[in-house]
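All remarks here apply to the structure that follows.
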Amino acid sequence: MKKKVVVASVIVLIVAILIGILYINKVHSTDSYKFKKEYEKLNNQKNESGKTIRKLSIPTNNPIKYSTAKEIVKKIENKETFVVYFGFAECPWCRSVINNLIQAAKNKNVDTIYYVDIGNIRDIKELKDGKVTTTKKGDKYYLELLKKLDNVLTDYTLTDDDKEVKTGEKRIYAPNVVAVVNGKAEDLESGISKKEKDPYMKLTETMNKESTKKFECLMKCLEKSNVCTAKNSC
C-alpha cells in the first residue's frame with residue numbers, strides 16, 4: 001500500500017512538472033514575452049554614441065503583438081479599429097515611454113497594441129549640396145503607410161545650419177503611436193513628456209504620469225466608432 005502511495009505521488013509530481021514546463025513554453029512563445037526579451041536584452045548596454053541604454057522592466061503580460069507595415073496597411077484597408085506602435089528597441093525615446101504606453105493600455109482596457117519595428121524599413125534622406133537626396137529607399141509598405149496615415153503624420157525635415165528643410169514627405173517617427181478607427185487614422189501620440197529634454201535623463205513620476213495620460217487620451221479614440229474625442233477631452 002505504501003509503495004502505491006509513493007508511486008502515485010511520483011506520478012502526480014511528474015505530471016505537475018510537465019504541466020509547468022508546457023506552461024512556461026507557452027508563455028515564452030508569446031509575442032508579449034518576445035517583446036519583453038527584445039527590449040530588456042539591451043538594458044545598460046552602451047550604444048554607438050557611448051550612451052548607456054535605459055534599463056527597462058517590461059511586464060510579461062503586456063499587450064504587444066508583433067506586426068508588419070504590410071499587415072497594418074491591410075488592416076487599414078479592411079477598415080479595422082486598433083492601436084499601432086511604431087518604434088524599435090534601440091530608440092532611446094521609445095524606451096522612455098514604452099512602460100507608460102503599456103500602463104495606459106491596461107488603464108483603458110486595450111488588449112492589443114500592434115508593434116511595427118520601423119528601425120530599418122524607413123527611407124533615409126540627406127542634404128547634399130543643399131539638395132534633399134534619398135540615400136536609402138524605404139520599404140514599399142512603409143511608403144504605403146505614409147499615404148494611409150498622412151493626416152496624422154508630421155513633415156520629414158532635415159537640419160541645415162540650424163534651419164529646418166522640408167523633404168516634401170511625411171515621416172513615421174519613433175515613437176509614434178497611432179489610433180486607427182474604422183480604417184482612418186484619428187490620432188497620433190509620441191507620449192514624450194514636455195519636461196523630457198533628453199531621452200537618457202532620469203524620468204520623474206510627473207513625467208511618467210504625463211506620458212501615460214497622453215496615451216490614455218489617444219486610446220479614447222477607440223471608445224466611439226466614428227468620432228475621436230481625445231483632443232477635446234484631455
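The values are calculated or read from the model by the stated rules, or taken from the named source; none is laboratory data. Note that this is a predicted model, so its numbers are computed, not measured. Virtual Cβ from ideal backbone geometry, glycine too; neighbours counted across all protein chains shown. The protein model used for the area step is the full one, side chains on, heavy atoms only, and it has no ligands, DNA or RNA in it. Shrake-Rupley method; radii C 1.70, N 1.55, O 1.52, S 1.80 Å.
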Go through (1) in a helix (DSSP H, G or I); (2) in contact with a strand residue (DSSP E or B) (Cβ under 6 Å, 6 or more places away or on another chain); (3) of a type in the set (Phe, Trp, Tyr) and name the single condition TYR142 misses. (2)
State yes or no: is ASP160 of a type outside the set (A, V, I, L, M) and surrounded by fewer than 17 Cβ atoms within 10 Å (Cβ to Cβ)? yes
In the range 72-93, anything out of contact with any Leu (no Cβ under 9 Å at 6 or more places or on another chain) and either of a type in the set (D, E, K, R) or under 14 Å from ILE53 (Cα atoms) (or both) is listed as LYS74, LYS75, GLU77, LYS79, GLU80, PHE88, CYS91, PRO92, TRP93
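Residues that are open to solvent by 30 Å² or more (accessible area, probe 1.4 Å) and not charged (D, E, K, R), at least 1 per element: which strands (runs of 3 or more DSSP E) completely within the range 23-127 meet that?
On the way: elements: 64-66, 82-87, 113-117.
Of the strands (runs of 3 or more DSSP E) lying wholly inside the range 23-127, those with at least 1 residues that are open to solvent by 30 Å² or more (accessible area, probe 1.4 Å) and not charged (D, E, K, R) span 64-66, 113-117.
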The range 42-75, residues that are of a type in the set (Gly, Ala, Ser), within 17 Å of the chain's Cα centre (by Cα) and farther than 30 Å from LYS148 by Cβ: SER57
Note on TYR23: of the conditions (1) more than 17 Å from the chain's Cα centre (by Cα); (2) at pLDDT 95 or above, unmet is (2)
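Rundown of residues vs (1) modelled with pLDDT under 95; (2) open to solvent by 50 Å² or more (accessible area, probe 1.4 Å), yes/no style:
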position	(1), (2)
LYS137	yes, yes
ASN151	no, yes
LYS166	yes, yes
ALA179	no, no
LYS194	no, yes
PRO199	no, no
THR229	yes, no
ASN232	yes, yes
